[in-house]
Amino acid sequence: MFDEINKFFVMVKDEEFIFVIPNERCRKATAIAITEMSKHNKNFVNLLNHTFRVAGASMYIAQKEKLTAASKEICFLSAIFHDVFKEEENHDVKGRDFAIKILKSLKYRQNVIEKVAESIADHSNSEKFLHTVEAKILWDADKLDKLG
């Protein structure tokens, strides 16, 4: 798996990677998340780049793990919302609450909302506390991007 992830980051650095948003609802969620992120972070451009790299890495890992389309969408949404309030205290809790509000407004099913919320709330915790595959993927993608 490490070699596959390494190949992904080489693609990103070589700018061969094309960021694909899974569907129209995800596009709406992404637009809302980016708009909110721009209001709360002085370092918005770098944070947006980080968010897209994490989303791309999450989708890449989910694909390699052969997750269902529903799980891939959870991975994507978790990545898009995970750092919306990065420069604020308790950014994981604020991000979780914001994601819940937006995903409800976009008529996502409750089980999807719960998995996204759990992934976001736990992304700053130790890996041993992660309970879903989607949360583990977000954690891995976030940490891998921070390693550079």
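No value in this document is a laboratory result; all are computed from the given coordinates. Small disclaimer: the values here were computed from a predicted structure and weren't measured. Reconstructed Cβ throughout: ideal geometry from the backbone, glycine too, with neighbour counts over all protein chains shown.
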Requested in this report: Return the lysines within reach of Lys42: Cα separation strictly under 26 angstrom, same-chain partners fewer than 8 residues apart disregarded; answer none if there are no such residues.
Outcome: Lys13, Lys28, Lys86, Lys94, Lys101, Lys143, Lys146
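With the cut-off at 1.5 for a/c, could you classify the range 24-137 from its C-alpha gyration tensor as rounded, prolate or oblate?
Working: a/c = 1.38, a/b = 1.26, b/c = 1.09.
Rounded.
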Query - Relative exposure of Lys66, Lys101, judged by other C-beta atoms within 10 Å (fewest first) - result: Lys66, Lys101
Report task. Using only C-alpha atoms and all pairs of different ones, pull out the Kirkwood radius for the range 66-107 in Å with one decimal. Result -> 10.9 Å
